[in-house]
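The values are calculated or read from the model by the stated rules, or taken from the named source; none is laboratory data. Being a predicted model, the structure only gives us computed values, none of them experimental. Neighbour counts run over all protein chains shown; Cβ positions are idealised from the backbone, glycine included.
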Amino acid sequence: MFGKRILLGITGGIAAYKIAYLIRIFKKQEAEVKCIMTPASSDFISPVVVSTLSENQVSIEFWDKTTGKWNNHVDYALWADVLIIAPATMNTIGKMANGLCDNLLLATYFSMKKKTIIAPAMDLDMYRHPSFLRNMNILQGDGVSIIPAEEGELASGLNGEGRMAEPETIATFVNDFISESVVPKQTLLITAGPTFEHIDPVRYIGNHSSGKMGFAIAKAALAKGYKVHLVSGPTKEEIVHPNLMRHDVITANQMMEAVQSFWPNCDCGVFSAAVADYRPLSKSEEKIKKNEDVLDIKLTKNPDILSWASASRENHQKIIGFALETNNEEEYALKKLERKKLDMIVLNSTKDDQATFGGELNKVTIFDKTQNRIELPLQTKLNIGIELINLISKEQ
Ligand code: PMT
């Protein structure tokens, strides 16, 4: 980032307070930072903080009210290597998508010749509103890159998707954009979540996977510019993105069918789903009554989706598997890497209490086909997704 010119646009949302930290990250990386704030954003973060940390004068209006000096939006747009708008509110996104230009930041955006990246932040219902989705589609079509919002506590007190990505995540994304251009037009297939195997109309065999890891990989891939087929078992996770094609399934057989349809048109597959290895041999049509002391349910093997994808792949298709083991972790993971002829395998640590099914954190070690190991520290599943997608895009 040394000497790179980052133009940071700050709009009026609660997440603006985090921008102080983002500026510090860029400054530590020796980037040059200039900031334009919308008038509303100064209710959320003081221009004095922004100018002090960025070591540059901050512009808010088209002209300086004491000197009459014009803050030339064209000069800003020509100066910047990249414009990052964070937080990007629904209001600013709506105006960007529809050509409305009533402040200095918007005038600068419309004058940009280089990349614009936005990090949306808003409440969960706004984040899913059809009008917002339409505008995101337009911006994507206009070449704007979107760093998806994250899930968590929102300023409204609600919990859900809409939190601005953390400053570290935004910085990583911008670093990647600066160091290598975004990988365009490749398609990834990602499996996520558990599968549920029906016993009778009300019961199933399942596992504790929440889908968070797979969805985090999908978010990272979308942010990097990939198109994504996301085949997911039952989950509460959601992603809003124009390049996402989501296919919800329940059973391993359904997941297999979906993968068989989409895999031939993909460049890479990441198989993070926790697929049930067995399913009941037959599903009872009626709810099973509790007459027996011991109930025998015969199980039969499910198809191994990852093995099928690996066996049927074309030369250009990369394939990454996951491994979850409770003993002899490395040995078993490396055997899977070899047996299933994978390009990489991601081994979960089951020994760390904080790296859990359903939690935000995970700890993994990645092995490639030459058995090189990359041990990642405990971190958010989104950051692991970003690391993995970076490795994949370097390989392609
Ligand atoms: O969803 P979260 O709560 O965030 O949790 C994430 C996770 C722990 C589920 C995820 O990180 C993970 O490890 N997923 C794979 C778990 C697993 O099923 O591992 P396995 O060792 O049983 O399977 C090996 C590989 O074969 C996996 O890539 C799996 O997707 C694939 N597989 C397994 C069985 C099968 N019938 N078909 C498959 O494709």
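Mind telling me which of the residues Lys290, Lys219, Lys224 ends up being over 30 Å from Leu139 (Cβ atoms) and at pLDDT below 95? Write out each step before concluding.
Values: Lys219 fails: over 30 Å from Leu139 (Cβ atoms); Lys224 fails: over 30 Å from Leu139 (Cβ atoms).
Of the residues listed, the single one that is over 30 Å from Leu139 (Cβ atoms) and at pLDDT below 95 is Lys290.
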Among the residues of the stretch 334-379, write down those that are within 9 Å of the ligand (Cβ to nearest atom) and basic (Lys, Arg).
-> Lys336, Lys340
Out of (1) within 13 Å of the ligand (Cβ to nearest atom); (2) in contact with a strand residue (DSSP E or B) (Cβ under 9 Å, 6 or more places away or on another chain), what's the single condition that is false for Met256?
-> (2)
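Condition first: more than 14 Å from the chain's Cα centre (by Cα) and either aliphatic (A, V, I, L, M) or part of a strand (DSSP E or B) (or both). Can you find one or more residues in the stretch 222-233 that meet it?
Within the stretch 222-233, the subset more than 14 Å from the chain's Cα centre (by Cα) is 231-233.
Still in the running and either aliphatic (A, V, I, L, M) or part of a strand (DSSP E or B) (or both): 231-232.
So far as the stretch 222-233 goes, yes, one or more of its residues are more than 14 Å from the chain's Cα centre (by Cα) and either aliphatic (A, V, I, L, M) or part of a strand (DSSP E or B) (or both).
Pick out the one residue from Ala171, Ala77, Ala155 that is within 25 Å of Phe44 (Cβ to Cβ) and outside any helix (DSSP H, G or I). Even if it seems obvious, please write down each step before you answer.
Values: Ala171 fails: outside any helix (DSSP H, G or I); Ala77 fails: outside any helix (DSSP H, G or I).
It is Ala155.
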Which members of the stretch 341-367 meet the condition of being closer than 30 Å to Asn315 by Cβ and modelled with pLDDT under 95?
-> Asn348
Give the stretch 180-192 a look and list any residue that's modelled with pLDDT of 70 or more, under 15 Å from the mean Cα position of the chain (by Cα) and of a type outside the set (S, T, N, Q), or say none.
-> Leu188, Leu189, Ile190, Ala192
Subset of the stretch 321-333 [within 23 Å of Gly193 (Cα to Cα) and either outside any strand (DSSP E or B) or more than 8 Å from the ligand (Cβ to nearest atom) (or both)] = Leu324, Glu325, Thr326, Asn327, Glu329, Glu330, Tyr332, Ala333
Filtered residues of the stretch 310-320 (kept if within 13 Å of the ligand (Cβ to nearest atom) and either surrounded by 16 or more Cβ atoms within 10 Å (Cβ to Cβ) or at positive phi (or both)) | Ser310, Ile319, Ile320
